[in-house]
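The values are calculated or read from the model by the stated rules, or taken from the named source; none is laboratory data. Since the structure is predicted, the reported quantities are computational estimates derived from the model, not experimental observations. Don't worry about glycine lacking a Cβ; one is built from the backbone with ideal geometry, like all the others, and counts go over all protein chains shown. Note: areas computed on protein heavy atoms with side chains; ligands, DNA, RNA excluded. Shrake-Rupley method; radii C 1.70, N 1.55, O 1.52, S 1.80 Å.
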Amino acid sequence: MLALCLLLAALAVFWRALPEPLFSDPFASVLYARDGELLGARIAADGQWRFPPLRSVPDKFRRALILYEDRRFAWHPGVDPIAIVRAARDNLLHGAVVSGGSTITMQLTRIARGNPPRRYLEKAIEALLALRLEMSHSKDEILALYASHAPFGGNVVGLEAAAWRYFGRDPGRLSWAEAALLAVLPNSPALIHPGRNRAVLHAKRDALLRHLGADGQLTALDLDLALREPLPGEPLALPGYAPHLLDSLRTERPGEYRFHSTLDAELQRSVEEAVQRHAEGLRRQAIYNTAALVVDNRSFEVLAYVGNAEWSATGERGYAVDIVRRPRSTGSLLKPFLYAVMLDGGEVLPGTLVPDVPTQYSGYIPENFDRTYRGAVPAQVALAQSLNVPAVRMLRTHGVSRFYESLRDLGLGTLRRAPQEYGLTLILGGAEGTLWDLTAMYANLAELARRDTVHARLPYRSMLRQMGEAPASMRAAEISPAAAWLTLDALLEVARPAEEANWRNFASSRKIAWKTGTSFGLRDAWAIGTSSRYTVGVWAGNASGEGRPGLTGGQVAAPLMFDLFNRLDTAEWFAPPLAQMKEVDVCRGDGYLSNGDCETAKERVPLSSHFDQSSPHHHLVHLDPSGRYRVHGGCESPARMTHRAWFVLPAGEELYYRRHHFDYRPLPPYRKDCLADVETGRRGPIEFLYPNAGTRIYIPVDLAERRGRTVFEAAHRDPDATLHWHLDDRYVGTTRGFHQQALDIVPGQHEITVVDGVGVRLARRFEVLGAEH
């Protein structure tokens with residue numbers, strides 16, 4: 001009984017003798033392209049190039065290793081008695097240790113134990129551990145472990161690291177000569193150093209090659225070619241592509257070391273070269289950081305990923321930052337998505353005029369980038385020209401909260417505040433977004449635009465960085481294919497940089513729908529564009545947030561974006577999704593539904609659109625027999641009137657519209673005897689630009705405790721008109737031509753009134769808030 005207990009105890013000790021895990025050494029992190037090519041690596045924490053363990057061993061290396069180290073590897077249980085007897089005989093004959101008789105399994109256990117000194121006791125321990133190892137591991141697993149942890153000279157550990165360091169290729173693509181050299185190297189890893197015993201290494205390799213030939217594993221021709229191959233020189237530097245992606249993956253997925261990306265190796269190299277070339281020019285303007293993405297619109301796989309213009313572990317100039325994943329002010333990049341959801345919601349048509357006049361909402365005063373106003377512009381033109389004032393007015397019509405939810409559904413994951421905290425600035429860079437999220441959003445527009453079937457709404461799609469990666473769960477697409485196509489069609493008209501300005505004149509040019517973004521203070525420059533096949537996103541600026549003169553999307557980011565598109569395959573543009581569109585009759589002048597008093601045109605709109613606003617700008621105007629003056633039934637016989645259709649904008653819009661449209665015809669004035677009872681509404685000669693109806697004004701107090709003044713503004717159809725201003729029936733001043741009046745007003749309810757030279761008047765009520773507000 002005691003003997004049985006001792007036996008069981010010995011077996012238990014024997015079984016537990018094997019370390020678990022067998023190796024605890026740190027690994028290098030490695031990044032591969034979609035075809036398995038090595039893109040980059042980060043050295044292990046102990047300073048060794050030790051790649052993650054292999055799952056299998058390439059056939060050439062397997063054959064060479066077994067023939068060189070352990071011919072009976074497939075048959076023995078971890079210890080080879082024949083090899084041990086042979087080694088003992090040789091050692092006795094030579095009076096020294098010239099052969100160890102170790103099997104590959106025994107060598108593996110010695111490596112796992114830190115390569116202790118070679119003594120007979122250690123050899124016995126290795127033999128016991130080898131027997132134990134063979135009981136729980138297959139031969140293929142043992143070979144893979146050996147190939148992954150064997151020393152290959154210097155700080156190179158493992159077959160894969162050795163193949164890349166010495167030959168610049170994957171171990172599966174090694175030649176016979178290369179595989180043979182790596183098979184003999186773990187036995188004498190110091191031989192790999194240039195200038196040190198290279199002849200010995202060469203002889204060992206060639207001897208193994210001849211044994212392979214004699215064993216029938218190499219043809220005579222293969223042997224001859226293999227023997228002619230030179231030994232490798234200095235170890236090669238490992239590739240360093242997509243370093244920021246590798247760092248981000250390491251941070252996001254601790255415990256993983258091998259990352260198989262979706263990147264296209266050739267395209268990644270090309271994109272990095274382009275980014276670095278453009279970044280070199282930007283550095284002269286003190287703009288140091290640039291990032292870029294290229295996405296396949298069909299698979300949503302990222303084909304190129306450049307996280308920064310350079311990589312530096314020291315943090316110099318922010319080069320260590322992966323800009324692709326860092327939130328930055330979006331500038332104007334969200335405007336296309338507002339346009340798309342408003343098309344679907346029946347709130348706007350592509351040609352619908354949107355006011356572009358001085359605007360103020362509760363103290364927020366948006367301005368166009370060029371600081372000018374156009375009076376009124378078609379919605380699609382406002383988008384193509386990235387006009388801020390029309391965008392703010394459209395967002396106010398649509399609603400900030402609704403648009404906020406649409407952006408979250410699209411995958412903008414950086415909206416961390418409540419909608420009301422962003423307010424109307426949401427459309428002009430008040431929110432932050434990442435290049436990753438924003439590029440995905442534009443890729444989704446392209447994905448939606450190519451659908452031409454009526455079916456249940458499919459979800460938006462998320463981009464992929466790793467092969468086999470599960471896509472993130474996304475909401476059902478709110479934007480219809482028709483709205484997406486119309487949005488991209490509008491973005492085709494965005495003016496391209498100078499070198500691309502004449503793109504329509506060349507048959508080889510590709511259609512690219514694109515948009516720029518520039519943040520307040522010139523801190524962020526964006527350009528994101530999409531063809532039918534690819535989406536390219538570019539950001540440029542300083543990781544520190546420092547603004548620079550000229551740091552705009554059009555000047556800085558767009559040239560790089562088009563350079564990247566020129567490196568991609570061309571593809572046919574999207575066919576319009578006609579099954580999801582309908583045609584409506586609109587007035588040519590303002591893009592609203594025809595009211596019968598305008599020249600009409602056909603406009604494609606989303607099938608879901610319920611836009612029902614007829615033109616407010618086309619009217620039938622009654623003129624006297626001369627056609628020079630307007631009249632009405634109170635001053636002229638209907639029989640003597642002539643009637644003409646007339647395009648009429650409100651006075652405020654007309655003031656600016658006329659500066660850009662010299663063919664605009666102002667309404668003729670009323671005949672003097674018809675001035676009584678003329679209209680003072682939307683078609684009247686006067687319009688307030690500020691305040692808006694029902695405005696509540698807060699007037700701040702300066703450091704000297706003096707109340708500020710509020711500037712009121714009006715417009716008159718007659719550019720030479722005189723306006724008389726009254727506050728609460730108290731005369732406060734007169735303006736001519738340019739109608740602004742700065743007033744000091746106490747808190748409370750007030751009414752501002754203006755009267756022109758012929759007695760036409762217009763009044764507006766507003767409230768001034770007290771200090772408690």
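Looking at the stretch 435-477 only, could you name the residues that are among the polar types (S, T, N, Q) and open to solvent by less than 10 Å² (accessible area, probe 1.4 Å)?
Within the stretch 435-477, THR439, ASN444 meet the criteria.
Among the candidates ILE104, ILE192, single out the residue that is modelled with pLDDT under 95, closer than 17 Å to GLU229 by Cβ and buried (at least 23 other Cβ atoms within 10 Å of the Cβ).
ILE192
Between ARG396, ARG374, ARG416, ARG402, which is basic (Lys, Arg) and in contact with an Asp or Glu (Cβ under 7 Å, 6 or more places away or on another chain)?
Result: ARG374 is the single residue among ARG396, ARG374, ARG416, ARG402 that is basic (Lys, Arg) and in contact with an Asp or Glu (Cβ under 7 Å, 6 or more places away or on another chain).
I want to confirm something. Restricting to the stretch 719-764 and keeping residues that are assigned to a strand (DSSP E or B) and small (Gly, Ala, Ser), which single residue is farthest from GLU654 (Cα to Cα)?
GLY748
Taking LEU221, is it open to solvent by 80 Å² or more (accessible area, probe 1.4 Å), outside any loop (DSSP other than H, G, I, E, B) and either without any contact (Cβ under 8 Å) to a residue 60 or more places away in the chain or touching a strand residue (DSSP E or B) at 6+ places or on another chain (Cβ under 9 Å) (or both)?
It is true that LEU221 is open to solvent by 80 Å² or more (accessible area, probe 1.4 Å), outside any loop (DSSP other than H, G, I, E, B) and either without any contact (Cβ under 8 Å) to a residue 60 or more places away in the chain or touching a strand residue (DSSP E or B) at 6+ places or on another chain (Cβ under 9 Å) (or both).
Please state which one of GLU432, GLU405 is of a type outside the set (S, T, N, Q) and touching a Leu at 6+ places or on another chain (Cβ under 9 Å).
On inspection, the qualifying residue turns out to be GLU432.
Are any of the residues in the stretch 710-718 assigned to a strand (DSSP E or B), farther than 26 Å from ASP624 by Cα, open to solvent by less than 50 Å² (accessible area, probe 1.4 Å) and modelled with pLDDT under 85?
Yes - at least one qualifying residue is present in the stretch 710-718.
Consider the stretch 316-328. How many of its residues are in contact with a strand residue (DSSP E or B) (Cβ under 8 Å, 6 or more places away or on another chain) and within 19 Å of ALA286 (Cβ to Cβ)?
The qualifying residues number 6.
Suppose we keep only residues that are aliphatic (A, V, I, L, M) and open to solvent by 10 Å² or more (accessible area, probe 1.4 Å) within the stretch 493-518. Which one would you say is modelled with the highest pLDDT?
Per the stated criteria, the residue is VAL494.
Considering only the stretch 595-615, state which residues are open to solvent by less than 70 Å² (accessible area, probe 1.4 Å), closer than 19 Å to GLY345 by Cβ and not in a strand (DSSP E or B).
SER608, SER609, PHE611
Considering only the stretch 679-686, I want to know if a residue exists there that is touching a Leu at 6+ places or on another chain (Cβ under 6 Å), at pLDDT 85 or above and not in a loop (DSSP other than H, G, I, E, B).
Within the stretch 679-686 (the criterion being touching a Leu at 6+ places or on another chain (Cβ under 6 Å), at pLDDT 85 or above and not in a loop (DSSP other than H, G, I, E, B)), the answer is yes, since at least one residue qualifies.
Which fully enclosed helices (runs of 4 or more DSSP H) of the stretch 99-149 have 2 or more residues being closer than 18 Å to GLU69 by Cβ and of a type in the set (Asp, Glu)?
So the answer is 120-136, 139-149.
Might you let me know whether the stretch 519-534 holds any residue that is at pLDDT 95 or above, within 22 Å of ARG450 (Cα to Cα), in a strand (DSSP E or B) and among the charged types (D, E, K, R)?
So far as the stretch 519-534 goes, no, none of its residues is at pLDDT 95 or above, within 22 Å of ARG450 (Cα to Cα), in a strand (DSSP E or B) and among the charged types (D, E, K, R).
Test LEU387 against the stated conditions and say whether it is under 18 Å from VAL354 (Cα atoms) and modelled with pLDDT of 95 or more.
For LEU387, the condition - under 18 Å from VAL354 (Cα atoms) and modelled with pLDDT of 95 or more - is met.
Restricting attention to strands (runs of 3 or more DSSP E) lying wholly within the stretch 228-340, give those where 3 or more residues are surrounded by 19 or more Cβ atoms within 10 Å (Cβ to Cβ) and touching a residue at least 24 places away in the same chain (Cβ under 8 Å).
Of the strands (runs of 3 or more DSSP E) lying wholly inside the stretch 228-340, those with at least 3 residues that are surrounded by 19 or more Cβ atoms within 10 Å (Cβ to Cβ) and touching a residue at least 24 places away in the same chain (Cβ under 8 Å) span 289-296, 302-306.
Which one of these is touching a Lys or Arg at 6+ places or on another chain (Cβ under 8 Å) and either within 27 Å of ASP46 (Cα to Cα) or open to solvent by 20 Å² or more (accessible area, probe 1.4 Å) (or both): GLU134, GLU122?
Only one candidate qualifies: GLU122.
Out of all the residues in the stretch 540-567, which are open to solvent by 10 Å² or more (accessible area, probe 1.4 Å), touching a Phe, Trp or Tyr at 6+ places or on another chain (Cβ under 9 Å) and of a type in the set (S, T, N, Q)?
SER544, THR552
Could you tell me which residue of the stretch 418-434 is least open to solvent (accessible area, probe 1.4 Å), considering only residues that are of a type in the set (Ser, Thr, Tyr) and either within 27 Å of ASP296 (Cα to Cα) or touching a residue at least 60 places away in the same chain (Cβ under 8 Å) (or both)?
THR434
Does VAL392 satisfy the criteria of being open to solvent by 30 Å² or more (accessible area, probe 1.4 Å) and closer than 23 Å to ILE528 by Cα?
The answer is no for VAL392.
Kindly indicate whether any position in the stretch 587-594 is part of a strand (DSSP E or B) and of a type in the set (Asp, Glu).
Within the stretch 587-594 (the criterion being part of a strand (DSSP E or B) and of a type in the set (Asp, Glu)), the answer is no, since none of the residues qualifies.
Just need a number here: residues in the stretch 622-657 that are under 24 Å from SER594 (Cβ atoms), within 41 Å of the chain's Cα centre (by Cα) and not in a loop (DSSP other than H, G, I, E, B).
Residues in the stretch 622-657 being under 24 Å from SER594 (Cβ atoms), within 41 Å of the chain's Cα centre (by Cα) and not in a loop (DSSP other than H, G, I, E, B): 3 in total.
Since ARG63 meets every condition but one in (1) surrounded by 18 or more Cβ atoms within 10 Å (Cβ to Cβ); (2) modelled with pLDDT of 90 or more; (3) within 17 Å of LEU145 (Cβ to Cβ), which condition does it not meet?
Answer for ARG63: the failing condition is (3).
Collect the residues in the stretch 346-386 that are assigned to a strand (DSSP E or B) and without any contact (Cβ under 8 Å) to a residue 40 or more places away in the chain, keeping them in residue-number order.
Result: VAL377, single match.
Filter the stretch 449-492 down to residues that are among the polar types (S, T, N, Q) and in a loop (DSSP other than H, G, I, E, B) and give me whichever is modelled with the highest pLDDT.
SER480
Looking at the stretch 341-374 only, could you name the residues that are of a type in the set (Val, Ile, Thr), under 21 Å from PHE403 (Cα atoms) and open to solvent by 20 Å² or more (accessible area, probe 1.4 Å)?
Once the filter is applied, which keeps residues that are of a type in the set (Val, Ile, Thr), under 21 Å from PHE403 (Cα atoms) and open to solvent by 20 Å² or more (accessible area, probe 1.4 Å), the stretch 341-374 yields only ILE365.
State yes or no: is LEU415 over 26 Å from GLU654 (Cα atoms) and crowded, with 22+ Cβ neighbours inside 10 Å?
Here the answer is no, as LEU415 does not meet what is asked.
Can we say HIS619 is of a type outside the set (Phe, Trp, Tyr) and either assigned to a helix (DSSP H, G or I) or over 30 Å from VAL341 (Cβ atoms) (or both)?
yes
Quick check: anything in the stretch 4-24 modelled with pLDDT under 75, touching a Ser or Thr at 6+ places or on another chain (Cβ under 6 Å) and open to solvent by less than 30 Å² (accessible area, probe 1.4 Å)?
No.
What helices (runs of 4 or more DSSP H) lie completely within the stretch 154-215 and have 1 or more residues being over 45 Å from the mean Cα position of the chain (by Cα) and of a type in the set (Lys, Arg)?
Hits in the stretch 154-215: 198-214.
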